[in-house]
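So the structure is just underneath, and the comments pick up after that.
Derivation of every value follows stated rules applied to the coordinates shown; laboratory data play no part. Values in this document were obtained by computation on a predicted structure and should not be read as measured data. In this analysis, Cβ positions are derived from the backbone assuming ideal geometry, glycine residues included, and neighbour counts consider all displayed protein chains.
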Amino acid sequence: MFVIVVGGGKTGSQLSTLLRNEGHTVKIIENRDSVLERLRMELPEESIVAGDGSSPKTLEAAGIESAHVLAAVTGEDEANLVVTSLARFEYKVPRTIARVNNPKNAWLFDQDMGVDVALSQPDILAKLIVEEMSLGDMMTLLKMRRGEYSVVEEKVHPTSVAAGKAVRDIDLPPECVLVAILRSGRLIIPRGDTEIKEVDEVIALVHSSQVTKLAQILSGETFSKNIKV
């Protein structure tokens, strides 16, 4: 996959390094001399493009016509919006990601501005805290469809309503499916007649609005607030 990263600060450089380590092709765009100097010590010269990321000329020099993803992660919200708008509407980049520096500007970062995914660090941190508070021991393994669905893992508590029941007899939330059960080192694909045993580790795909209900069913705990994550 070919990814263009606009903004060579800590976020941009770490993202570029991570993507390269995973085998992706990366071009990072930066126009500050001091930052470019640092980038040249961290990344190969061929991965670095000196210039203004909001300039079509610079974007074209980076090869935007062939990019699969563009990530605008500068420290200025206005610049990130300009870059994603150009990438989406002028160059038809399939996937755009933008960093939101000021949470008050988050409402601007939508598909009308060419943004597929908007990332706000305070918002991400707040959601993680809420998730930890609301889900007990449930672990989120993966988020899908922009966080609309989650793949989660939960150990079945001996006092839970699920312990000792067949899957078909458990009143699971409507938008939830049990994907796998980990038991004594074995992975079991659950069927309707599969019995859930205490201390089983259950992996499920569930809608974000129903994660807390699933946690209650498997953990045996009652949460005072049904907090959506």
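Would you please report the Å³ per residue occupied by the convex hull of the alpha carbon atoms in the chain?
Measuring per residue, one finds 148 Å³ for the Cα hull of the chain.
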Quiz item: Magnitude of the Cβ-charge dipole of the chain, K/R +1 and D/E -1, about the Cα centre, nearest 20 debye?
Solution: 280
Quiz prompt | Qualifying trypsin sites (Lys or Arg not before Pro) for segment 64-127 [loop in DSSP, other Cβ within 10 Å: at most 11] | solution = Lys92
Quiz item: Can you list the residues, at least 5 places off or on another chain, whose amide H is less than 5 Å from the amide H of Val6, using H built in the peptide plane?
Solution: Ile29, Ala71, Ala72, Val73
Exercise. Quote the relative contact order of the chain in percent (integer), defining contacts as alpha-carbon pairs under 8 Å separated by 6+ residues.
Key: 14
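Which loop-located GluC sites (Glu not before Pro) does segment 52-93 contain, where loop means any DSSP state but H, G, I, E or B and the Cβ has at most 16 other Cβ atoms within 10 Å? Don't skip to the answer; put the middle values down first.
Values: sites: Glu60, Glu65, Glu76, Glu78, Glu90; in loops: Glu76.
Listed in order of number, the matching sites are Glu76.
In nm, what is the difference between 0.36 nm times the number of residues separating Ala61 and Ile170 and their Cα-Cα distance? Intermediate values should be presented prior to the final figure.
Working: separation 109, 0.36 × 109 = 39.24 nm, distance 5.71 nm.
Full-extension gain reported as 33.5 nm.
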Self-check item: Angle in degrees between helix 33-42 and the longest Cα principal axis of the chain, rounded to the nearest 10
Solution: 50
